Each structure stands twice: as C-alpha cells, then as structure tokens.
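Please read the structure below before turning to the comments.
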Amino acid sequence: MGDTSYWMTLLLVAFTATGLLLSRDWRWRLGLLAAQYLGVFWMILIHWSVSLAATKLVAGWMACTVLGIAHLSAGNAKGTEHTWPHGRLFTVFAAGMVMAVSFALSSGVTKWLGLGLPVVWGSLLLIGLGLLHLGITTAPFRVIIGLLTVLSGFEVLYAAVESSALVTALLVVVNLGLAMSGAYLLNNEQGKAS
C-alpha cells in the first residue's frame, strides 16, 4: 500500500468520524460507522495480515448491524436525536480543535512508536473525536457509537504493537459486547418511554 493510500485512508477516517458528530439521523450514523470501520481496516492492514485485519472489519460491520436492528425493533418514531449543545457550528469548531490537537500530538507519538504519520494521526483523531462524541451526548445510541469510535482508534495504535490472534479475538468480543449493550439500552429506553 502506497503513501498516498495512507493519506486517503486518513481522510476517510476524518470524514466519517466528523460526520458521526454532525449527523442527526441514525441511518446516516450507521452508514458512517460502517465506512469508518473500512478505514480502520485499511489502517490495521499496514501491520497485520489480511485475515486478522478482516476480523476487525467484520466485527465492526456486525456491530453496525446489531445496532441497526435494535434501533428498528425499538420502534423509535423519531429519526433524529438532539445533543448538547445543539449548534453545528460549535460541533465543527470542537472537531477542528480535536483535529489540531491530534495532529500536534501525532508527531511525538510517531517518533516514539516509529509509525507513519497518517496512521498515528488517524488513530489519535478517532480517539479524540470519539471522546468529543461522548462529551456532548447522553443518548445511548450515540454513546455506543462514541465508545466504538474510541475503541477503533485504540485498535489502530495497538495493531502496530501487538499482532496476537487472542488479543484480536478479545477486542472483537469487546466490540460486539458494546453493540449488544447498545441494543439492550435502546430497547430498554423504548420500554421506559411507553
């Protein structure tokens, strides 16, 4: 994979993580999360074999499927959710700040770990935007998406350090466990509203 494809993957991850913050429709969020897992797959593929990296992709898409089915079965009539604060301008500004801070930190981490700048920046960007997502919402669906984004960023960095199949399986279980927890919370939230 060439240097240009690393930067294209970074752009994909930045676009999807920012889109997850700005999107108000749950369908768009799931589509962006699935595309984000594709970018994570390409970033992990740098260090792992195709079979190990594909487990991350399949687990991510399974998590998206579980969340989508749970959202449909919960019967939420409203298709959008509101976060605090409501302004998109604030969200874009905060995402820009996270991008700037993650870029500033990525040069030091690149030297420390000996990795490429696009991979480290993409990883820190996912972690930062996931934490921002967690900081501005209390809706269970969005919280699970924020947690999955943070975990994806961690997995990209961790893939450079460890390539154990057992650790990969453990992280897959954590991803699917978060999706199942989100499905439970979505259905439980609907039950309380009735």
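Okay, here's what the table says:
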{"quantity": "Qualifying residue in region 99-120 (condition: within 20 Å of the chain's Cα centre (by Cα), among the hydroxyl-bearing types (Ser, Thr, Tyr) and within 25 Å of residue 11 (Cβ to Cβ))", "calculated": "yes"}
{"quantity": "Residue in region 68-77 that is under 18 Å from the mean Cα position of the chain (by Cα) and either under 18 Å from residue 168 (Cβ atoms) or modelled with pLDDT of 90 or more (or both) present", "calculated": "yes"}
{"quantity": "Residue match in region 174-184 (condition: farther than 24 Å from residue 100 by Cα and at pLDDT below 85)", "calculated": "no"}
{"quantity": "Residue check, residue 51 over 24 Å from residue 132 (Cα atoms) and touching a residue at least 40 places away in the same chain (Cβ under 8 Å)", "calculated": "no"}
{"quantity": "Qualifying positions in region 1-50 - modelled with pLDDT of 90 or more, within 19 Å of residue 157 (Cα to Cα), polar (S, T, N, Q) and out of contact with any Gly (no Cβ under 7 Å at 6 or more places or on another chain)", "calculated": "36"}
{"quantity": "Only one of 65, 55, 4, 16 that is β-branched (Val, Ile, Thr), surrounded by fewer than 21 Cβ atoms within 10 Å (Cβ to Cβ) and within 15 Å of the chain's Cα centre (by Cα)", "calculated": "65"}
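The values are calculated or read from the model by the stated rules, or taken from the named source; none is laboratory data. The structure presented is a predicted model; accordingly, all values stated were derived computationally and were not measured. Here Cβ is always computed from backbone atoms with ideal geometry, including for glycine, and neighbour counts include all displayed protein chains.
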